[in-house]
Amino acid sequence: MEITLLGTGAPAGLPRPDCPCAVCATALGPDARAATALLVDGALLLDLTPGAAFAAARAGHSLGGVRQVLLSHPHDGPPVEVPAGLPQPVRVPDGRELTLLTGHRVRAVAMDAGGTGYAVTGPDGQRLLYLPPGGAPAGLAETTAESYHLVLADVVGRPDALARLRAVGAVGPTTDVLAVHLDHDVPSGAELRRRLAAAGARAVPDGTTVVAGVYEDVPDVPRRTLVLGGARSGKSVEAERRLEAFPDVLYVATGGTRGGDTEWAERVAVHRDRRPGSWRTAETTDLVPLLAEDGPPLLIDCLSLWLTDAMDAVGAWDDAEWAGGGEKALRERVREVTSAVRRTRRTVVAVSNEVGSGIVPATASGRRYRDELGRLNAAFGAECEQVLLVVAGQALVLRG
């Protein structure tokens, strides 16, 4: 089954008309996107958008063979002109199935927001799922017999839709996930590719033809990632964003509750409100058993607080205890954690502070903490496929 993406942008397109934002200003050439529309095997058109006939012609196709036009969402603005010879566009009621003379079978999928999704099975048995902008499937079964070969969805706007599909097996390791309905929420180019790759998805330019079932271009999601950054740099947001498209994430909070500390409670509440409701939380600094177990992805936030607890435990703040065995004990704890990271089979995203670039601490204990955190970050990062440094909310890839 061949799918030609006549457009891959949001309903208003990218750049948006009259929008002065930086993303719209730089969405030029291959990064400019018309509203999303798909041509399936030249016979089925999913979403009719302005200029669809010209877009098909530019991609080397014609709409003359289209036998069915299906709409996935209401179109704002003036009515879209239906090219001559094209069937009248319709939206199919949720759950209804259609069979085309070409052998394609289409089932309308209910969404949790406005719009309709379409599951298409081609004559060759290949299966694709197309979701409308801002929508996620509603009422999914607990398990799915087989995963789709191709999923086209609003990955940037609704990463939880991808998480839901993964949870029931509808998206598997070989599913090609294409981001569509792309808007000005994420800078085009390298930054968009980086964010999508972390979710196991990709984007293609308008006019691209893909083949369902060909998964060589599916990006490999890094299994271990370290996210570094200074205070309020956006490192935790970056780490959380990397796992939004995955179900059942275990958030490992290493800072504890700190009863009576209202400022700390406010910080914890902000983090908790940002996280998807399906994530679980474990408040612990005992990382080795978690890394040794099989299970859902881990988000460890953060190694800096883990180190504080470890230094407390070995008496690292006292010079005599440090010299009398505390240093050796801390090195052993760090070795145990980094060895566990090397052996783990779980997906892990860990957050840590980068403190070595600022003013030299005035106290010996402060300098000791700075040095040990630098050593921990280096040792942990050495075991990770990807290491990022977040500065002013912008992620710089150091490795991977």
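The values are calculated or read from the model by the stated rules, or taken from the named source; none is laboratory data. What you see is a predicted model; the values in this text were computed from it and never measured. Here Cβ is always computed from backbone atoms with ideal geometry, including for glycine, and neighbour counts include all displayed protein chains. When the accessible area is computed, the model is the full protein with side chains, heavy atoms only, and any ligands, DNA or RNA have been set aside. Shrake-Rupley method; radii C 1.70, N 1.55, O 1.52, S 1.80 Å.
What to note about this one:
- Residue in the range 322-333 that is aliphatic (A, V, I, L, M) and surrounded by 19 or more Cβ atoms within 10 Å (Cβ to Cβ) present: yes
- Residue-level check: of (1) assigned to a loop (DSSP other than H, G, I, E, B); (2) at negative phi, Gly139 misses just (2).
- Scope the range 33-55; condition more than 29 Å from the chain's Cα centre (by Cα), of a type in the set (A, V, I, L, M, F, W, C) and open to solvent by 20 Å² or more (accessible area, probe 1.4 Å); matching residues: Ala53, Phe54
- Just one of (1) modelled with pLDDT of 95 or more; (2) outside any strand (DSSP E or B) fails for Gly358. It is (1).
- Residue under evaluation Asp319, criteria (1) surrounded by 15 or more Cβ atoms within 10 Å (Cβ to Cβ); (2) farther than 29 Å from Val249 by Cα, criterion not met: (1)
- The range 361-383, residues that are among the hydrophobic types (A, V, I, L, M, F, W, C) and in a loop (DSSP other than H, G, I, E, B): Ala362, Ala382
- From the list Ala197, Ala203, the lone residue that is touching a residue at least 40 places away in the same chain (Cβ under 8 Å) and open to solvent by less than 50 Å² (accessible area, probe 1.4 Å) is Ala203.
- Here Ala340 clears all of (1) under 30 Å from Ala167 (Cα atoms); (2) outside any helix (DSSP H, G or I) except the condition numbered (2).
- When residues of the range 85-98 are limited to those that are within 16 Å of Thr49 (Cβ to Cβ) and free of Cβ contacts under 8 Å to residues at least 24 places away in the same chain, the one most open to solvent (accessible area, probe 1.4 Å): Gln88
- Among the candidates Arg345, Arg368, the residue that is in contact (Cβ under 8 Å) with a residue 40 or more places away in the chain, open to solvent by 20 Å² or more (accessible area, probe 1.4 Å) and within 21 Å of Ala198 (Cβ to Cβ) is uniquely Arg345.
- From Leu70, Leu101, residue being among the aliphatic types (A, V, I, L, M), over 19 Å from Thr208 (Cβ atoms) and open to solvent by 20 Å² or more (accessible area, probe 1.4 Å): Leu101
- Counting the residues of the range 224-235 that are surrounded by fewer than 21 Cβ atoms within 10 Å (Cβ to Cβ) and either of a type outside the set (A, V, I, L, M) or closer than 19 Å to Pro159 by Cα (or both) gives 4.
- Members of the range 152-197 that are assigned to a loop (DSSP other than H, G, I, E, B) and within 20 Å of Ala395 (Cβ to Cβ): Val155, Val156, Gly157, Asp183, His184, Asp185, Val186, Pro187, Ser188, Gly189
- Residue in the range 13-31 that is surrounded by the fewest Cβ atoms within 10 Å (Cβ to Cβ), counting only those that are under 23 Å from the mean Cα position of the chain (by Cα) and either closer than 15 Å to Ala52 by Cα or of a type in the set (Asp, Glu) (or both): Asp31
- Flag if Trp306 is within 24 Å of Phe246 (Cβ to Cβ), touching a Ser or Thr at 6+ places or on another chain (Cβ under 6 Å) and not in a strand (DSSP E or B): yes
- Hey, Ala395 open to solvent by less than 70 Å² (accessible area, probe 1.4 Å) and without any contact (Cβ under 8 Å) to a residue 60 or more places away in the chain or not: no
- Residue list for the range 164-174, restricted to those being under 19 Å from Arg107 (Cα atoms) and open to solvent by less than 50 Å² (accessible area, probe 1.4 Å): Leu165, Val168, Gly169, Ala170, Val171
- The set of residues in the range 384-400 being of a type in the set (D, E, K, R) and in a strand (DSSP E or B) consists of Arg399 alone.
- Selection status of Gly189, open to solvent by less than 30 Å² (accessible area, probe 1.4 Å) and of a type outside the set (A, V, I, L, M, F, W, C): yes
- 1 or more residues closer than 21 Å to Gly157 by Cα: qualifying strands (runs of 3 or more DSSP E) within the range 14-128: 37-40, 44-46, 105-110, 116-121
- Within the option set Ala161, Ala141, Ala119, being more than 21 Å from His73 (Cα to Cα) and either surrounded by fewer than 23 Cβ atoms within 10 Å (Cβ to Cβ) or small (Gly, Ala, Ser) (or both) holds for one residue only, Ala141.
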